[in-house]
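Undergrad: Would you mind keeping the following structure in view while I ask a few things?
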Amino acid sequence: MPPKFFDFRDIKWPGTWLIENELPTAVPQIPYNRTLFVQQFTDEPPSDVEFVDDCQTVQDVFDKFKPGKVVEMTDEEGVGEEQELQFNSLMDFGRDGIIKQSELLTRISSKMELYQSFMEKLTDEQLSMLLADPEEKQAYIDVLKSLIEELEAADPESAEG
């Protein structure tokens, strides 16, 4: 085994920084002497195998093949809805990329974030102490009810009856 040469980049000294050009890209460019096999991400039936030599980067592959998929999503009430997802970059395959393309998933995601923040507030120590005292708990419930009534009065369409 050849000896390892000393590399100054392995040392984390105070006051040092990485130069952006030294950082590797998330997906390296395809070397010119390699072949890239791409899997089908479309609803169209596969065509005969074709040799494509004009795609030099990952973005070229996306631009040429324009991958997309029609998926059926079901909301909380069980109502199914078909949506077409388009993949224009590798980011579109991730959670945020898919959520951004779907109105239904955006609504569900915002509800989840709201519920999570509400759960964090419910586990708050101050709130736990407040809810331990029955009088303060009732006063807190009354304040919440008045806030709900105020919100419903401001937007009567959203009021559930």
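The values are calculated or read from the model by the stated rules, or taken from the named source; none is laboratory data. Just so it is clear, the model here is predicted, and its values are computed rather than measured. No Cβ is skipped: glycine too gets one built from the backbone with ideal geometry, and neighbour counts run over all protein chains shown.
Undergrad: Which members of the stretch 105-141 meet the condition of being surrounded by 13 or more Cβ atoms within 10 Å (Cβ to Cβ) and closer than 30 Å to Asp60 by Cα?
TA: Answer for the stretch 105-141, where residues must be surrounded by 13 or more Cβ atoms within 10 Å (Cβ to Cβ) and closer than 30 Å to Asp60 by Cα: just Leu105.
Undergrad: Please enumerate the residues belonging to the stretch 51-86 that are farther than 15 Å from Ile108 by Cβ, touching a Lys or Arg at 6+ places or on another chain (Cβ under 9 Å) and surrounded by 11 or more Cβ atoms within 10 Å (Cβ to Cβ).
TA: Of everything in the stretch 51-86, those that are farther than 15 Å from Ile108 by Cβ, touching a Lys or Arg at 6+ places or on another chain (Cβ under 9 Å) and surrounded by 11 or more Cβ atoms within 10 Å (Cβ to Cβ) turn out to be Val52, Cys55, Glu84, Leu85, Gln86.
Yes/no matrix, rows are residues, columns are (1) in contact with a strand residue (DSSP E or B) (Cβ under 6 Å, 6 or more places away or on another chain); (2) in a helix (DSSP H, G or I); (3) assigned by TED's automatic domain parsing to the domain that holds Glu44:
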| residue | (1), (2), (3) |
| --- | --- |
| Glu72 | yes, no, yes |
| Glu76 | no, no, yes |
| Lys100 | no, yes, yes |
| Thr106 | no, yes, yes |
| Gln126 | no, yes, no |
| Glu150 | no, yes, no |
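Undergrad: Which numbered condition trips up Glu44, out of (1) assigned to a helix (DSSP H, G or I); (2) over 23 Å from Gln29 (Cα atoms)?
TA: All conditions are met except number (1).
Undergrad: Of the residues Asp43, Asp92, Asp96, Asp60, only one is charged (D, E, K, R) and at pLDDT below 85; which?
TA: Being charged (D, E, K, R) and at pLDDT below 85 holds for just one of Asp43, Asp92, Asp96, Asp60, which is Asp43.
Undergrad: So, one more: Evaluate the stretch 130-148: report whether one residue or more is free of Cβ contacts under 8 Å to residues at least 40 places away in the same chain and touching an Asp or Glu at 6+ places or on another chain (Cβ under 6 Å).
TA: Yes, that holds for at least one residue.
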